[in-house]
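Structure, as structure tokens:
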Amino acid sequence: MKIVQIPLLRDNYAYLLVCEKTKRAAILDPSEADPVLNRIDQEQVSLEAILNTHHHRDHTGGNEGILARHKSEVYGHTSDSERIFGFTRGVDEGDEIQLGELKGKVIFVPGHTSGHVAYLFENNLFCGDTLFTAGCGRLFEGTPEQMQASLKKLMALPDNTKVYCGHEYTESNLRFAMSVEPKNPKLVSRFERVQGLRSRGAPTVPGTLEEEKQTNPFLRWDSKEIHVSLKSADPDTRLDPVSVFAAVRKMKDAF
Ligand SMILES: [Zn+2]
Ligand SMILES: [Zn+2]
């Protein structure tokens with residue numbers, strides 16, 4: 001399987017997924033149409049599907065322009081049929097998607113929005129605005145309970161899973177992570193590496209799930225150091241996983 005990463009707008013990523021045997025392709029979260037249409041032409045693939053992780057405009061804004069040129073299915077969570085342009089295929093937890101000879105799996109991950117899904121092809125996870133490299137999406141339509149459960153579901157995937165998220169936010173996410181867990185050596189070295197990459201304008205996405213478990217403060221509800229940081233900000237913070245997640249999210253929102 002070939003994955004073409006396409007930077008769009010200010011900091012969005014769309015991904016062109018290609019079955020190399022059949023040259024059939026899907027585009028994941030096209031923010032805008034023209035750069036995507038150019039890549040489809042360059043790669044000489046036939047577009048079968050638009051895969052949307054959620055309804056936000058910066059993930060679906062290209063649907064209309066792409067559909068004007070390519071007759072393709074438009075996937076999204078069943079509950080988003082009215083909110084995603086061109087919607088034809090509602091999917092939900094556990095559904096399979098066939099792309100040429102590739103098979104993808106749908107994972108329902110509400111929290112950022114109520115109808116957010118992730119798509120897993122082999123060990124490549126396309127998780128939109130749910131899990132970011134070193135961060136997670138804001139809770140626009142969901143509760144901390146929902147988002148923590150969604151992240152926990154993603155954490156159950158194998159460590160070598162590659163994390164293809166919707167935005168290039170790693171550096172600013174790590175700056176926040178360093179404020180709550182500055183003594184985590186894996187975090188310190190990731191921050192240095194990411195700063196180096198960004199100073200050359202290089203992408204930091206994809207990451208791996210293993211690295212996320214080691215350094216992403218939104219997955220580290222067991223970290224003693226994070227517990228201490230939360231307690232010093234608010235001594236009444238409870239230390240069960242959902243409360244830790246909620247407190248870290250609240251701190252990041254104000255960071
Ligand atoms: Zn979003
Ligand atoms: Zn977004």
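The values are calculated or read from the model by the stated rules, or taken from the named source; none is laboratory data. Predicted model only: the values in this text are computed from it and were never measured. Here Cβ is always computed from backbone atoms with ideal geometry, including for glycine, and neighbour counts include all displayed protein chains. For the accessible areas, the whole protein counts, side chains as well, though only heavy atoms, and no ligand, DNA or RNA atoms are used. Shrake-Rupley method; radii C 1.70, N 1.55, O 1.52, S 1.80 Å.
Key figures
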item: Degrees between helix 241-253 axis and first principal axis of the chain (Cα, 0 to 90, nearest 10); result: 80
item: Calculated on alpha-carbon atoms, Rg and Dmax of the chain in Å; result: 18.2, 58
item: Unit charges on C-beta of K, R, D, E only; dipole of region 99-255, Debye; result: 220
item: Between region 190-255 and region 1-65, the Cα center-to-center distance that results, in Å; result: 29
item: Nearest 10 degrees, 0 to 90: helix 224-233 Cα axis against the chain principal axis; result: 70
item: Value of [θ]222 nm, deg cm²/dmol, for the chain, DSSP H segments ≥ 4, -39500 (n - 2.57) each, nearest 500; result: -10000 deg cm²/dmol
item: Options VAL4, THR78, GLY201, ranked by Cα towards positive dipole end of the chain, top entry (Cβ charges); result: GLY201
item: Cα radius of gyration and Dmax for region 1-137 (Å); result: 13.4, 37
item: Acute angle (nearest 10 degrees) that the helix 144-155 long axis makes with the longest principal axis of the chain, alpha-carbon atoms; result: 70
item: Dipole of the chain [Lys/Arg +1, Asp/Glu -1 at C-beta], most positive-end residue of GLY128, HIS55, PRO158; result: PRO158
item: Gained length - LYS213 relative to LYS183, 0.36 nm times residue gap less alpha-carbon distance; result: 9.2 nm
item: Share of pairwise Cα separations in region 139-248, more than 24 Å, in percent; result: 25
item: Too-long pairs where the Cα-Cα distance tops 27 Å, listed order kept, from LYS183/LYS231; LYS21/LYS213; LYS213/LYS250; LYS71/LYS162; result: LYS21/LYS213; LYS71/LYS162
item: Residue-normalised accessible area of the chain, given per residue in Å² at a 1.4 Å probe; result: 44
item: Label point distance in nm, LYS71-ALA254, each placed 7 Å from Cα along Cα→Cβ; result: 5.6
item: Compactness of region 192-251 - radius of gyration and Dmax, Cα, Å; result: 14.3, 43
item: Carbon/sulfur fraction of accessible area - the chain, other protein chains in place, 1.4 Å, %; result: 49
